[in-house]
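Okay, so here's the structure we're looking at.
The values are calculated or read from the model by the stated rules, or taken from the named source; none is laboratory data. The structure presented is a predicted model; accordingly, all values stated were derived computationally and were not measured. Neighbour counts run over all protein chains shown; Cβ positions are idealised from the backbone, glycine included.
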Amino acid sequence: VSADYDDLVREARAVFGDVLFFTASGRPLSYRAAYAGCSDGVHGQYRLWLDGRPCDVIAPFRGDYGTENCIAVAAAAHMLGLTAEEIAAGFADAQLPPQRFARSRRGNWDIVDDTYNANPLSMARMLDAAAESAQKRPFVVVLGEMRELGSVADREHERLGRHLAQLRPVLVFWRGGHADAVRDGLEHGLYTGKFLPVDTGEAFVQALREHLPAETGEQGGLMLFKGSRGNHLEELLEALEQSDWLPGSRTESL
């Protein structure tokens, strides 16, 4: 169980008599991990400690968000008897499933498909990871409503807007509800770019043509697609792939 969430620690101890904790936040535990940077623009390097012993792994994703995932998997594997070498080999051979930070390339643009689902925590972490991957190149986000948040929905979407403003994407596309709350957050964060609600794939591609400067399109950058499953953001991604945006380019999986 992760030791980094007080409510999770409390509930786990209330249910189980013996709990093994791991951490991704630097606590002095026997199972812990830290992000060590990007190895080649796509893969991330992570330093793990398995029962106190160091183990370096290379994973098919990059960013600090992956630290928690790495140590959770590695701790469970180590408890089941796998060696550090076997765990590192497993990470090296791992393939990400579709719609889970799957990367492809279109012309000079890196496309990140994380359209499977979204919640406030995963949205913030994917945005941070994608912004880091952009490496100061133009950054475009195509996002959808975070559903099933109940009474906190407006608050969380406004908070998302504030977070987006800090990352300074050149364009923010939005599909779904709570657009006004996201716009409010962007305004409070002093975002100076464009916020563009879209309903269809055709509208998205047309807005991209109209609002992304030609020189920026040619320069290239990174475009992230992410939203709750019910938004079907893969429809916008499919519209982009079927369009002649960036004529002469084709999409290649990385």
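For first residues located in the stretch 12-39 and free of Cβ contacts under 8 Å to residues at least 60 places away in the same chain and under 29 Å from residue 58 (Cβ atoms), partners that are surrounded by 11 or more Cβ atoms within 10 Å (Cβ to Cβ) and basic (Lys, Arg) and lie 6+ apart or on another chain with Cβ distances below 7 Å form the pairs 22/32; 23/32; 33/47; 34/47; 36/47. Going by the conditions given, is residue 143 assigned by TED's automatic domain parsing to the domain that holds residue 205, assigned to a helix (DSSP H, G or I) and closer than 20 Å to residue 230 by Cβ? Taking the combined requirement at face value, the residue does not satisfy it.
Residue 199 - would you say it is closer than 22 Å to residue 240 by Cβ and either touching a Cys at 6+ places or on another chain (Cβ under 6 Å) or assigned by TED's automatic domain parsing to the domain that holds residue 244 (or both)? When the stated conditions are applied, residue 199 passes them.
Annotation: of all residues in the stretch 115-139 being crowded, with 20+ Cβ neighbours inside 10 Å and touching a Ser or Thr at 6+ places or on another chain (Cβ under 8 Å), the one that is farthest from residue 225 (Cα to Cα) is 138.
Can you say whether residue 129 is in contact (Cβ under 8 Å) with a residue 24 or more places away in the chain, hydrophobic (A, V, I, L, M, F, W, C), over 25 Å from residue 241 (Cα atoms) and in a helix (DSSP H, G or I), as far as the supplied structure shows? For residue 129, the condition - in contact (Cβ under 8 Å) with a residue 24 or more places away in the chain, hydrophobic (A, V, I, L, M, F, W, C), over 25 Å from residue 241 (Cα atoms) and in a helix (DSSP H, G or I) - is not met. Of the residues making up the stretch 12-30, those that are part of a helix (DSSP H, G or I) and either touching a Cys at 6+ places or on another chain (Cβ under 7 Å) or hydrophobic (A, V, I, L, M, F, W, C) (or both) are 12, 14, 15.
When the stretch 47-79 is limited to residues that are touching a residue at least 40 places away in the same chain (Cβ under 8 Å) and not in a helix (DSSP H, G or I), the one that is farthest from residue 114 (Cα to Cα) turns out to be 64. Considering the conditions (1) of a type in the set (Gly, Ala, Ser); (2) surrounded by 15 or more Cβ atoms within 10 Å (Cβ to Cβ); (3) more than 22 Å from residue 231 (Cα to Cα), residue 214 is excluded by exactly one of them, (2).
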